[in-house]
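For reference, the structure is listed below as structure tokens.
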Amino acid sequence: MATLEETENFLVSVENLVKDLKEKQESKSNERLLSSHVWLSDYIDNQIKTKVMPLKDALTTLKDKHVGDFKSNTQFDATITFCNDIIKLLNEINSLNKIRASYIDVKLKWQYNIPQIVDKVKHLRNRFNIIKGQLSKKVFEYEEEDW
């Protein structure tokens, strides 16, 4: 059963990996990074996607656990959609690596997708903070009823 704290830990790890990926894109050695198809594909598959999938699963579990607590599930649905979008964007980059596309193609896809991934992670964080606020408010309401 995923808790709010575990889900936030997953989100923090995804944020850190995406930040690292963006720093690698902006570094001077990005040409070497982009031309290393095996390393980049391995990094996306074994580092980032292995963090995004548990985050998505934890958010789904939280949604199922608290489905009746709120009038709307929009915040939960939005966070899950952002996770799906991040996975889709990573798969696009990874597919070019797996077919060993030219450096220019990989670089263009990289320059297009990385800012989108960073934006999605920011939106994901904002939506998660809204969910966190709603859930903590709900806990306080339950505590007040016990008095």
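The values are calculated or read from the model by the stated rules, or taken from the named source; none is laboratory data. Since this is a predicted model, take the numbers as computed values, not measurements. Because the Cβ atoms are built from the backbone with ideal geometry, glycine has one as well, and the counts that use them run over all protein chains shown.
Conditions first: (1) modelled with pLDDT under 90; (2) in contact with a helix residue (DSSP H, G or I) (Cβ under 7 Å, 6 or more places away or on another chain); (3) of a type in the set (S, T, N, Q). Ser102 passes all but one, so which condition is the exception?
(2)
Could you identify the single residue in Lys71, Lys22, Lys63 that is part of a loop (DSSP other than H, G, I, E, B) and either surrounded by 13 or more Cβ atoms within 10 Å (Cβ to Cβ) or at pLDDT below 90 (or both)? Can you show your working first?
Numbers: Lys22 fails: part of a loop (DSSP other than H, G, I, E, B); Lys63 fails: part of a loop (DSSP other than H, G, I, E, B).
Residue meeting the stated conditions: Lys71.
Could you list, ordered by first residue, the pairs with Cβ atoms under 8 Å in which the first is in segment 10-37 and within 25 Å of Lys132 (Cα to Cα) and the second is basic (Lys, Arg) and surrounded by 15 or more Cβ atoms within 10 Å (Cβ to Cβ), at least 6 apart or interchain?
Final answer for the pair search is Phe10/Lys51; Leu11/Arg125; Ser13/Lys51; Val14/Lys51; Glu15/Arg125; Leu17/Lys51.
Cβ-Cβ under 6 Å, sequence separation 6+ or interchain: first residue in segment 40-56 and part of a helix (DSSP H, G or I), partner modelled with pLDDT of 85 or more and not hydrophobic (A, V, I, L, M, F, W, C). Which pairs?
Short answer, once both residue conditions are applied: Ser41/Asn94; Ile44/Asn94; Lys51/Ser13.
If I ask for residues that are more than 19 Å from Asp105 (Cα to Cα), touching a helix residue (DSSP H, G or I) at 6+ places or on another chain (Cβ under 8 Å) and not hydrophobic (A, V, I, L, M, F, W, C), which ones from segment 31-57 would you list? Talk me through it step by step, then tell me what you get.
Residues of segment 31-57 that are more than 19 Å from Asp105 (Cα to Cα), as a first pass: 45-57.
Among the residues that remain, those that are also touching a helix residue (DSSP H, G or I) at 6+ places or on another chain (Cβ under 8 Å) are: 45, 47-49, 51-56.
If the condition is that a residue be more than 19 Å from Asp105 (Cα to Cα), touching a helix residue (DSSP H, G or I) at 6+ places or on another chain (Cβ under 8 Å) and not hydrophobic (A, V, I, L, M, F, W, C), then Asp45, Gln47, Lys49, Lys51, Pro54, Lys56 are the ones that fit.
Looking only at segment 103-127, which residues are touching a residue at least 24 places away in the same chain (Cβ under 8 Å) and among the polar types (S, T, N, Q)?
Gln111, Asn113, Gln116
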